[in-house]
Amino acid sequence: MKVVIVGAGITGLALSHELLKLGHGVTLVEAAPRPGGELATVEVGGEPVERFYHHLFTHDSFMIGLAEELGVGNRLEWPEPEMGYYLGGRLYPFTSPLDLLKFGALSPWARLRLGLGSVLLQRRRDYGPFEDRTAAEVLPRYVGREAFEAIFASMLRAKFAGHWESVSMAWMWARLMARARTRTADKRRERLGYFRGSFRVIVDALADSVTKRGAELRLASPVQEITIGEPGAPALRVNDEPLEADAVAATVGLPIIRRLLPASRRGFTDSLAATSYVGACVALIQIREQLSRYYWTNIGDRDLPFAGLIEHTNYVDRERYGGKRLLYVSNYLPPEHEFFQLDDDVLIERFVDPIAKVFPTFRREHIEEAWVSRDPVAQPVIEAGYQRRKPPYPSPIPGFYICNTAQIYPEDRGTNYNVRIAKECAAQLEADAPKLVARRSADT
């Protein structure tokens, strides 16, 4: 069976890897000049670093297993960084249970209720009762209204923008469980995994492995249209060239898939529009001075134009980057937000004073270089009832499959789950292979 995969990010590469193990032919087509998608990197001090921040949890078995399979598992390191929380004009440590007990932004009773509610949620093993209920409805009953407004409502707004009140409690439960399971034995810190050499290590290992085993990797090759299943049409058109295949698997976001399918598939593409998206706008800034001891500072104050400040070199030793210090400024925003259109330099200027509000030692002259990255379809909105909306891998279009972050549920999106859905989609394609090959033979 021949499969064309649209998108050579981590999902597309992992899907190619799995299909090749099953003996199928694979062509990967990617619009960008390099594979990797959101794992794309820039060079700082001769060392690659991701344009979008990334880390692993200790229980990310799919990604860890893939790294071992490719011979790069020994490149994984597990730092235990500190976290902070900025709320009400003050920066608080937010790493350990003791920090929670001392969290002065909440009353003593609210802190106690937050701790007890968090323990109760973490003891649950079944998220089923949460699937049709929103986090905004359920969480206050566990952690109290005061803690919900100060911490969780801010978190939901930061991640899902104007959709935050509709987000599924099943998603929130999975996120809380993920953070709890990655803690050290004494619960004081989280252990977070990072590849020595950046996540480019896994991208390069995958790309090298699949091409050596016969996959064709076409870079700088945007898809014009996916026409598989259309009478007399090729499977798709890439750079104005027709490509034939038994199956096409799209790993790009649902809004992009909607644009690539022909007008004759309007009924199906309209169904995909039921899933809303928020975009990611991330600035990576090379700075002269350390700002804090924290790796990740969540922002609880809504008047600041970012959701998180992530000091990467408090997580990975700055000597890797020739002594340079690195800060990510993170945002999830509606795709129509002005940050997706602003000039990069103008956007960086917008951040200067607000960063200084959180970290008063910061100055404009501390910025040495900056890179802005945008993905307007980064995060599907996981609303209550999403289990009924999640698209299956095989679509109603004969030979067309979807394998993307819209199928990660109930967990928060992450590279580990990209690998999981790639394995699942490959298994589906393997099961469907006889009918896919027969259909194409009949068409020709």
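The values are calculated or read from the model by the stated rules, or taken from the named source; none is laboratory data. Since we're looking at a predicted model, the values are computed, not measured. Methodologically, a virtual Cβ is constructed for each residue, glycine included, from the backbone with ideal geometry; neighbour enumeration extends over all protein chains shown.
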> Is there a residue in the stretch 348-371 that is without any contact (Cβ under 8 Å) to a residue 24 or more places away in the chain, assigned by TED's automatic domain parsing to the domain that holds VAL6 and in a loop (DSSP other than H, G, I, E, B)?
Replying inline: no
>> Against the definition (surrounded by fewer than 23 Cβ atoms within 10 Å (Cβ to Cβ), at pLDDT 95 or above and either in contact with an Asp or Glu (Cβ under 9 Å, 6 or more places away or on another chain) or of a type outside the set (D, E, K, R) (or both)), how does ALA14 come out, yes or no?
In response: no
>> What pairs come out if I take residues in the stretch 11-25 that are outside any helix (DSSP H, G or I) and pair them with residues that are modelled with pLDDT of 95 or more whose C-beta lies under 6 Å away, six or more apart or interchain?
In response: LEU22/GLU430; HIS24/MET1; HIS24/VAL3; GLY25/LYS2
>> modelled with pLDDT of 95 or more and either under 23 Å from GLY84 (Cβ atoms) or of a type in the set (A, V, I, L, M, F, W, C) (or both): which single residue out of VAL119, VAL138 fits that description?
In response: VAL138
> Can you spot a residue in the stretch 277-284 that is closer than 23 Å to GLU77 by Cα and at pLDDT 95 or above?
Replying inline: yes
>> Are there strands (runs of 3 or more DSSP E) fully within the stretch 235-310 with at least 1 residues that are surrounded by 23 or more Cβ atoms within 10 Å (Cβ to Cβ) and touching a residue at least 60 places away in the same chain (Cβ under 8 Å)? List them.
In response: 236-238, 247-250, 277-287, 296-299
> Does ASP186 satisfy the criteria of being surrounded by fewer than 18 Cβ atoms within 10 Å (Cβ to Cβ) and of a type in the set (Asp, Glu)?
Replying inline: yes
> Of the residues PRO380, PRO392, PRO396, which is at pLDDT 95 or above, surrounded by fewer than 20 Cβ atoms within 10 Å (Cβ to Cβ) and in contact with a Gly (Cβ under 9 Å, 6 or more places away or on another chain)?
Replying inline: PRO396
